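Undergrad: The structure under discussion is supplied below as structure tokens; questions concerning it will follow.
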Amino acid sequence: MKKIFDRIEKALINGEWISAKSHLDVINPASREKIGIIPNLGPQETIQAINAASAAFPAWAKTPPIERANLLWRWHDLILKNKTELASLISLENGKSLSEAQGEIEYSASFVRWFAEQARRVDGDTIQLDQAEKRVFTIKQPVGVVGAITPWNFPSAMITRKCAPAFAAGCTVVLKPSDLTPFSALALAKLAEEAGFPKGVFNVITGDAQPIGLTLCEDARVRKISFTGSTRVGQWLMAHSADTVKRLSLELGGNAPFIIFEDADLDNALAGLMASKFRNSGQTCVCANRVLVHEKVYASFVEKLIPAVNNLTVGSALLEEKTQVGPLINQAGLDKVNRLVQDAINKGASCVAGGKVLNEFSGFFYSPTILVDVTAEMVIFQEEIFGPVVALYRFKEEAEAIELANNTSVGLAAYFYSQNPARIFRVAESLQSGMIGINTGIVSSVSAPFGGIKNSGLGKEGSKYGIEEYLQIKTLCWDIS
Ligand code: NAP
């Protein structure tokens, strides 16, 4: 067993680590074994955390940016110093492979470093007016207390992608991590404490999501909600934030098309698809969901894909270092994948690899799967799969591929492979998605804006735009006459 960062079974309010009479169990999805407990907190403790964040806000907002940057640098260094243990913790509570978990810790730290750098680059403007007697300046100020709600599929990176820009901007945070993967969040909070963040700046609440979420939405002191998760919950948070007119950043679900044109380099397309599809066992919001292949290259692509998928090593990351595909997060995730595959088969698709629950494992494992002859009438076309299943569709014309790709209510990531420059511009401009991978299966990087359109959400994370989500522009109008 790898060395693992101590599981912290407490929440953090105003610098105090607190327990509760009632607990929630946390399990390892690779074995279904209980790995610890977390306090089951509710509205009362959420209000205490908002009180703490509100009290800490004025002083934190006025801290010279270089001091906030220095704290972020210290946090960054501590995250990397504990990289191996934090990665093992991710694998334990989420199930992803150790190499992916280490990659996530590096990605997670990269946001802290990036926003440490950005903290000192928040500048306003001087603006010319039509009236000669007036001058206008803008300053940027932190929005206030932020409620951050994060999912289980990136237990570490989703926390730093929200909290680092918030802290850099001068905001304080009440974080509600997923109850399925809370220990990575609590470990990050412990390291932030060690780095020297003042009490009340970073608060972490664990417990039943809905009452905590509602309290964050309804409290007027919380000026922003930053959420990553499903479209359904994002819409719910948006509706409940209406009365207090909050700022919102919503990173929601996707249904990424992955188009392979007849002029694509098929080996590159295969490498890109394997990277995009099987990361985190297919449980990322930017995973290739609908693989559209031109009819001329369909058969040869399937022939290359089958051995690549059959060669994937499935297992428990902490027991087997060479694991590439881990379990799904829980029984509901496993049931959903099974339901989508069965529906497709019942409606005429064929399974040419995998296609089953792996009962030989004690955790929530599904075999890496390929479905061919999938059509838009099947449920798998409209729903996010969130599992290790490649669904292959056939098309004849470019326009048909674009229409199929855009035939969904969401628009997060899309990918396509082509070697024709004119087509590359045409297709990139036509796809209704916030991020487009062109001849690559990976679009995320700290310096590239991350975010979707349509029902995939609002706002951008990471990049030079990420910090703007936590700042408001104030206009200063000065009569000099
Ligand atoms: P989810 O059910 O929406 O949960 C996300 C988070 O919201 C969890 O912390 C959950 O807490 C909490 N939550 C659930 N109901 C809530 C409520 N009524 N009020 C406040 N918080 C609530 O999504 P998930 O299944 O964990 O995550 C997978 C989804 O996230 C997928 O759709 C995926 O595409 C999306 N995602 C999007 C991005 C992106 O950047 N666009 C990135 C990653 C994932 P509990 O877990 O404790 O219930």
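Where a number appears in this text, it was derived from the coordinates with a stated rule and is not lab data. Computed from a predicted model, the values in this text were never measured in an experiment. Every residue, glycine among them, receives a Cβ derived from its backbone with ideal geometry; neighbour counts consider all protein chains shown.
Undergrad: What list of ³J(HN,Hα) values in whole Hz, one per residue of the stretch 84-94 in order, does the Karplus curve 6.51 cos²θ - 1.76 cosθ + 1.60 (θ = phi - 60°) give from phi, with Gly and Pro shown as x?
TA: 5, 5, 5, 5, 5, 5, 4, 4, 5, 8, 10
Undergrad: Right, another one. Would you work out which of SER418, PRO29, TYR470 lies farthest towards the positive end of the dipole of the chain? Charges go on Cβ: Lys and Arg +1, Asp and Glu -1.
TA: Looking along the dipole axis, the top candidate is TYR470.
Undergrad: Classify the chain: rounded, prolate or oblate, from the alpha-carbon gyration tensor (a ≥ b ≥ c, eigenvalue square roots; a/c under 1.5 rounded; otherwise prolate if a/b is larger than b/c)?
TA: Note, shape of the chain comes out oblate.
Undergrad: Give the peptides 101-114, 131-144 in descending order of average Cβ contacts within 10 Å, highest first.
TA: The packing order, highest mean first, is 101-114, 131-144.
Undergrad: If you don't mind, there's one more thing I want to ask. How big is the stretch 60-216 by the Kirkwood estimate over distinct Cα pairs, in Å?
TA: Computed over the stretch 60-216, the radius equals 16.5 Å.
Undergrad: Which aspartates and glutamates have a Cα lying under 15 Å from the Cα of LYS474, excluding residues fewer than 8 positions away in the same chain?
TA: ASP123, ASP125
Undergrad: Here's a follow-up. So how do 307-319, 28-40 stack up, highest first, on mean other-Cβ count within 10 Å?
TA: 28-40, 307-319
Undergrad: Convert 4 °C to kelvin, take the viscosity as 1.567 mPa s, use the Kirkwood radius over C-alpha pairs of the stretch 392-466 as Rh, and evaluate the Stokes-Einstein diffusion coefficient in µm²/s, rounded to a whole number.
TA: D = 98 µm²/s.
Undergrad: All other residues with a Cβ under 14 Å from the Cβ of GLU461 taken together, and with Lys, Arg as +1 and Asp, Glu as -1, what is their net charge?
TA: After counting each charged neighbour, the total is +3.
Undergrad: Over the chain, what is the percentage of antiparallel beta bridges among all DSSP beta bridges, to the nearest 5?
TA: Percent antiparallel among DSSP bridges in the chain is about 45.
Undergrad: Please give me the summed charge of the neighbours of GLU262: other residues whose Cβ is under 14 Å from its Cβ, Lys and Arg +1, Asp and Glu -1.
TA: -2
Undergrad: Roughly how many Å is it from the Cα centre of the stretch 392-459 to that of the stretch 305-344, as a whole number?
TA: Cα centroid of the stretch 392-459 versus Cα centroid of the stretch 305-344: 25 Å apart.
Undergrad: Continuing with this model, one more query. Treating only the Cβ atoms of Lys and Arg (+1) and Asp and Glu (-1) as charged, compute the dipole magnitude of the chain about its Cα centre; round to the nearest 20 debye.
TA: In debye, rounded to 20, the chain gives about 880.
Undergrad: So, one more: If you rank ASP373, ASP130 by fewest surrounding Cβ atoms within 10 Å, what's the result?
TA: Starting with the residue having the fewest Cβ neighbours, the order is ASP130, ASP373.
Undergrad: If you don't mind, there's one more thing I want to ask. Would you mind calculating the gained length between SER350 and ALA299 on full extension (0.36 nm times residue separation, minus the Cα-Cα distance), in nm to one decimal?
TA: Full extension of this stretch gives 17.0 nm more.
Undergrad: Would you mind ranking TYR465, TYR366 so that the residue whose beta carbon has the fewest other beta carbons within 10 Å leads the list?
TA: TYR465, TYR366
Undergrad: Please name which of THR172, SER156, ILE38 has its Cα lying farthest along the dipole of the chain towards the positive end, using unit charges on Cβ (Lys, Arg +1; Asp, Glu -1) and the Cα centre as origin.
TA: THR172
Undergrad: What does the net charge come to around LYS246 if you take all other residues with beta carbon closer than 13 Å to its beta carbon, with K and R at +1 and D and E at -1?
TA: 0
Undergrad: Let me ask another. Run the dipole for the stretch 1-136 about the Cα centre, Lys and Arg Cβ at +1, Asp and Glu Cβ at -1, nothing else charged, and hand back the magnitude in debye, nearest 20.
TA: Dipole size: approximately 260 debye.
Undergrad: Still on this structure, I have one more. Of the options ALA69, SER97, ALA56, report the single residue whose Cα projects farthest towards the positive end of the charge dipole of the stretch 51-109 (beta-carbon charges: Lys, Arg +1; Asp, Glu -1).
TA: ALA56
Undergrad: Place the peptides 259-267, 182-190, 83-91 in order of packing, highest mean first, counting for every residue the other Cβ atoms within 10 Å and averaging per peptide.
TA: Put in order of decreasing packing, that is 182-190, 83-91, 259-267.
Undergrad: Tilt of helix 157-169 relative to the longest C-alpha principal axis of the chain, in degrees (0 to 90, nearest 10)?
TA: 30
Undergrad: Could I ask something else about it? Rounded to the nearest Å, what's the spacing between the alpha carbon centres of the stretch 137-184 and the stretch 217-244? Just the number, please.
TA: Centre-to-centre (Cα) distance: 14 Å.
Undergrad: Quick one: dipole size for the stretch 124-214, taken about the Cα centre, charges +1 on Lys/Arg Cβ and -1 on Asp/Glu Cβ, in debye to the nearest 20.
TA: In total the dipole reaches around 60 debye.
Undergrad: How compact is the stretch 226-299 by the rule of thumb for globular proteins, expressed as Cα Rg over 2.2 N^0.38 Å?
TA: Taking the Cα Rg and dividing by 2.2 N^0.38 Å, one obtains 1.54.
Undergrad: Shifting gears a bit: Show the residues, 5+ positions off or on another chain, whose built amide H is closer than 5 Å to the amide H of GLY207.
TA: Those lying under 5 Å, H to H, from GLY207 are LEU41.
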